[in-house]
Amino acid sequence: MRSLYVAYLYRAVNMKNNNDLTRRRFLLSVSAVSGTMLVRLSAPSLLAITQAACTARDVGAAFGILTDGEAADIAAIAARIIPTTDTPGATEAGVIHFFDNAFAAQMANNLEEARKGLEALNAAISGDRTFADISADEQDERLRAIESSAFFKLMWQMTIYGFFAMSEYGGNKDHVGWELIGFKGHQGGWQYPFGHYDAQIHGGSDDVE
Amino acid sequence: MSSSVTFDTRTPVDFAIIGSGSAGGILAKELSTAGFDVVVFEQGPYRKAADFRHDELAVMMREELMGGGNGRNRQTFRHFEHQTATTPGDIPAWYAQTVGGASVHFSANFWRFREVDFKERSLLGPISGTNFADWPIAYEELEPYYTRVDWEIGVSGAPGPFDSPRSKPFPMPPMPVKSSGVLMDRAAEKLGLHTQAEPLAILTKPFNGRAPCINCGYCMFFGCEVGAKSSTLAAMIPLAEASGHCEIRAESAVFRIETDAKGRASEVLYFDPAGNEQAQRAKAVIVCGNGAETPRLLLMSASEQHRDGLANSSGYVGRNLMFNAHAVVNSVFDEPLNDYKGVQVTRIIHDFYESDEKRGFYGGGGIDARPLWSATPIFHTLQGMPPDVPTWGAAFKDALAHNFTRQMSWVGSTTSLALDRNNITLDPATTDAWGRPALRVTYHDHDDDMAMANYLQDRCAELSDAAGAAKSWRRPVTPLSDSAHLLGTCRMGDDPASSVVDRDHRSHDVPNLFICDGSSFVTSGRGQPTMTIMALAFRAADRIKAAAAADDI
């Protein structure tokens, strides 16, 4: 695991694509994130940041980049995008740790946009309260109002990433994202039959839960 | 990582091959095992099977194998010449920057062209406003080389009802049918259509010391960690290196081919891994960059003698870019398919392959059944959700949980017509990470290409209904702004006025400059070009060896 991890970090450092927001024909047509400034972090510093963040996730300690307040608000947003229902959601997946890791490394140039978005979101909330403090219904209402903003799209996409990317990135804790949708991609190879319909041809159990 | 043999840059090697992908890897193996000294230039790193991981975020979202998208591999796009090209979020011309090129990360769908593909212009007549033409070679001339691809790189499959004749059976049986394929079989039977097993450049049995597929499901966009995908990385380059005559020079980005006073290619200029300029002397140069990088390099190699770019007296370098259009219908079924397991495609339909004047437009294509976006979770969530489902909240989560294992896609892929307006040029304002002028892609599908895509989408919708889908939806057919199929930009032909290379892949203008890759295509085929690129490469190698034996290079 350690060597895989180092390999990932090595690539992360060499990955000069910081335009991480956009994907081909992204459904919500996320607007291109400006800037081509490269993330300039040495491998040891990145290793330290990511390891610290992963350790933090495990012991519930402080965040590497985000303040506790920012983390609480982002975690609250993620929890409305993929809510906890009778199954685990973004909260149980530890998606916030993906945000914290990504803002320290591959998506560092999106941090400012996230902070500005949070500021605007909280500016509209009265008193000392922030987004994390208001009711779920009010949270939904406020998110619906900014659904088409670049900030919401950033939060949305990072929540998806954090919920489904490999756990090494900080989220998808105990593979809860994969478990939710029935994806067992971490298990390696497979034997036929794979599903219900080919089981009718090949016979045997279709491995369907 | 370096090869076992290294060549001096100041002593001319027999061949400098630019690009290590589907064509370059085969030419490297063929020429080096014949005793020629070969240096292969690859701008990406030398990753091997053990380096490939199931990391969707890095591979699919951050385009790790494609040079990191618009960070390193910066490109620009516009639909029409009168527009200013801009840098989109996703690169328009997809290919892998890694030893083995796109053969490393493709889905390995592996159709031969059919006889009709090579002579359609003669059969159908001209199409006004296009550069629709016959190939200078026929299927019969390429058939022995398709068979060599089958048997040398390893192809699994079974003959289909519409296939052109083959001189030898497939070396191994097809992949067993997946649930998506079972549903296609059932639907086709109801509709009177004919399915066939998908030919794949993926091993179903041990072959030449390589292991068969383990059905991990990470084919599309990913490198194969067991070497079962028949990339040139897995199948050809090890043989080339074992010859002792081939050096793979990775992380070496070529920016110019130099010519001497006699007008012959003499030197390949490139940036080494440290970014320093280097020059490799060579007796002959073979460009195998792909249909985007090959014309870019030739245009970058303009000189006093070759003002419009090397090998471009015809003006055809970069022209006639063909992408293959696509149409998709997504379906959700009542029971789980778990189609994320195994290869993408196990069944195809070729009933609509040939052009039919009754449709009212030129074109043909094939339809396949596959998970497509439902092979991995992030891509599924970003691309594969039904349009009527909320994009966040509990209902979104419920749809994700229900659909992922139950979803599949019907994918139609079509012909593209060769047009002057669709091309690769050098961007005047943007450079890539090495400082080279960025690839500028100008592309807008011909109306007939879009009509064919819509026609196939109607057929896909019928298949979905006949298969009993609980829910299905169409992805809107729109003009393409990106593609992994980069074809036609240095077309092959007998007439130097309307083609770049001759039927033996030698450039008309420069006698010791050869070009072989998707750029050699005259027509686009029906959407799976890699098998034909590899067959052309085996044939080109034979022609080049014959020319060398006759002292004619």
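Every read-out reported here was derived from the displayed coordinates using simple, explicitly stated rules and does not represent laboratory data. Not measured: the values here are computed from a predicted model. As a convention, Cβ positions derive from the backbone with ideal geometry for all residues, glycine included, and neighbour counts pool all protein chains shown.
Between 0 and 90 degrees, the angle of helix B:447-466 with respect to the longest Cα principal axis of chain B falls at about 40 degrees. Here the 3J(HN,Hα) profile of the stretch A:83-93, calculated from phi with Karplus coefficients 6.51, -1.76 and 1.60 at θ = phi - 60°, is x, 7, 10, 6, 10, x, x, 4, 5, 5, 6 Hz, Gly and Pro shown as x.
Need one value for B:46-58: mean number of C-beta atoms belonging to other chains within 10 Å of its residues' C-beta atoms.
Working: counts 0, 1, 0, 0, 1, 2, 0, 6, 4, 8, 5, 12, 8.
Shielding by partners across B:46-58 averages 4.
The overall shape of the stretch B:83-181, judged from the alpha-carbon gyration tensor, is oblate: a/c is not under 1.5, and a/b is no greater than b/c.
Among B:Thr346, B:Val268, B:Ser231, flag the residue with its Cα farthest along the positive direction of the charge dipole of the protein assembly as shown, charges on Cβ as +1 for Lys/Arg and -1 for Asp/Glu. Positive-most Cα among the choices belongs to B:Val268.
What does the helix-only formula give at 222 nm for chain B: each DSSP H stretch with n ≥ 4 adding -39500 (n - 2.57), the total divided by the residues, and the result rounded to the nearest 500 deg cm²/dmol?
Numbers: 12 runs with 120 residues, N = 553.
-6500 deg cm²/dmol, from helical runs alone.
Packing-based ranking of B:523-533, A:68-78 yields B:523-533, A:68-78, ordered from highest to lowest mean Cβ neighbour count within 10 Å.
Report relative contact order for chain B in percent, whole number only (criteria: Cα-Cα under 8 Å, sequence separation at least 6).
Values: 1418 pairs, mean separation 127.2, N = 553.
With pairs under 8 Å counted, the relative contact order is 23 percent.
In summary, the aspartates and glutamates within cross-link reach of B:Lys471, defined as a Cα separation below 13 angstrom excluding same-chain residues under 8 places away, comprise B:Asp334, B:Glu335, B:Asp388, B:Glu462. Exceeding 24 Å between C-alpha atoms, which entries from my cross-link table qualify? They are B:Lys48/B:Lys229; B:Lys168/B:Lys358; A:Lys173/B:Lys397; B:Lys178/B:Lys397; B:Lys229/B:Lys545. Checking Cα-Cα distances, B:Lys168/B:Lys358; B:Lys178/B:Lys397; B:Lys229/B:Lys545 exceed 24 Å. Of all DSSP bridge pairs formed entirely within the protein assembly as shown, close to 70 percent run antiparallel.
Tell me the relative contact order for the stretch B:457-543 as a rounded percent, counting alpha carbon contacts under 8 Å between residues six or more apart.
22 percent
Rounded to the nearest 10 degrees, the inclination of helix B:530-549 to the longest alpha-carbon principal axis of chain B is 20 degrees.
For the peptide B:260-267, the mean number of other protein chain Cβ atoms found within 10 angstrom of a residue's Cβ is 0.
Among the residues of B:387-395, the average count of other protein chain beta-carbon atoms within 10 Å of the residue beta-carbon is 4.
To check you understand DSSP bridge types, tell me what percent of the beta bridges within chain B (both residues inside) are antiparallel, rounded to 5. Walk me through the intermediate numbers first.
On the way: 48 of 71 bridges.
Antiparallel bridges: around 70 percent, rounded to the nearest 5.
Amide H contacts for B:Tyr353 (H built 1.01 Å from N in the peptide plane; partners 5 or more residues away or on another chain; cut-off under 5 Å): B:Gly365.
Helix B:179-191 and the longest principal axis of the C-alpha atoms of chain B enclose an angle of approximately 70°. Per-peptide packing, taken as the mean over residues of other Cβ atoms within 10 Å, places B:356-362, B:189-195 in the sequence B:189-195, B:356-362 from highest down. In sequence order, the stretch B:93-102 has phi-based couplings of 9, 8, 7, 8, 9, 6, 4, x, x, 5 Hz under the Karplus curve 6.51 cos²θ - 1.76 cosθ + 1.60, θ = phi - 60°, and Gly or Pro positions carry x.
Here the Karplus curve 6.51 cos²θ - 1.76 cosθ + 1.60, taken at θ = phi - 60°, turns the phi angles of the stretch B:504-516 into couplings of 9, 6, 8, 5, 5, 8, 10, x, 9, 10, 10, 9, 8 Hz, with x standing for Gly and Pro. For the stretch B:56-169, a simple Cβ point-charge model (Lys and Arg +1, Asp and Glu -1, everything else neutral) yields a dipole of about 220 debye relative to the Cα centre. Of the peptides B:199-211, B:219-231, B:16-28, the ranking by mean beta-carbon count within 10 Å, highest at the top, reads B:16-28, B:219-231, B:199-211.
Take every Cα pair under 8 Å whose residues are at least 6 apart in sequence, average their separation, divide by the length of the stretch A:144-209, and the relative contact order is 14 percent.
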